[in-house]
Amino acid sequence: MRKDDGTVDLEQDFYDSFEKEQMLAYFDFVFPDSGTLPGLCKISRPKEGRTTYFSAIFIIDTPTEDAFNEVSSYAKKINWDNFKNYLPGFNSAMSMPYAATKTGLYILEADIYIDTPIDIPKQFVLHKLYPAVEKVTGLKTGKLVFWDDIRDGSSGKEAAAETQLSFFQKIKGLIS
């Protein structure tokens, strides 16, 4: 979104992305270098039908400036093109950090494009996308939780409750 002075408001673009996308799943992780910095990854797709891209938003707790700098340095070294080795039909990836030290969070969005439009079913997320994200980023991932399972009250509800609460607390803190 462009401001009146012609600059791009990245923070507003980040908030707008939540309105344009359908959340598919999320998982928690621990930042690999420190082993103690927790994070959450939200996997989404556009709300309209079949798509050629999906979005992964990584939210990492960075309570100190040193932690923030460590995560920032690590994020810059991720080779997103490595998805070609793990994700069938991978075309390209574009990553954009939403770095804000004042919030105590480091946020990184990666849009991953594929060649053929698909609906991105659960099986694709579970067996292709999730393992590929884990391998490309090197994150120590936790349990994958599907958003529909939580909304519908299906399996995974209890295991996901703590992660879900944590996710919304972080987002609420970011927006406040």
Flag for Phe124 being in a helix (DSSP H, G or I) and modelled with pLDDT of 90 or more: no
Top-ranked residue in segment 37-84 [being in a strand (DSSP E or B) and in contact with a Pro (Cβ under 7 Å, 6 or more places away or on another chain); ranked as surrounded by the fewest Cβ atoms within 10 Å (Cβ to Cβ)]: Thr52
Selected residue (criterion: farthest from Phe31 (Cα to Cα)) from residues of segment 62-111 that are of a type in the set (Phe, Trp, Tyr) and more than 14 Å from the chain's Cα centre (by Cα): Phe90
Residues of segment 4-42 that turn out to be modelled with pLDDT under 85, touching a strand residue (DSSP E or B) at 6+ places or on another chain (Cβ under 8 Å) and acidic (Asp, Glu), as a count: 3
Residues of segment 85-120 satisfying the condition of being of a type in the set (Gly, Ala, Ser) and touching a Pro at 6+ places or on another chain (Cβ under 8 Å): Gly104
Evaluation of Thr64 against (1) at pLDDT below 90; (2) under 24 Å from Pro46 (Cβ atoms) (one fails), failing number: (2)
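The values are calculated or read from the model by the stated rules, or taken from the named source; none is laboratory data. None of these values were measured; they are calculated from a predicted model. Positions of Cβ are generated from backbone atoms using ideal geometry, with glycine treated the same way; all protein chains shown enter the neighbour counts.
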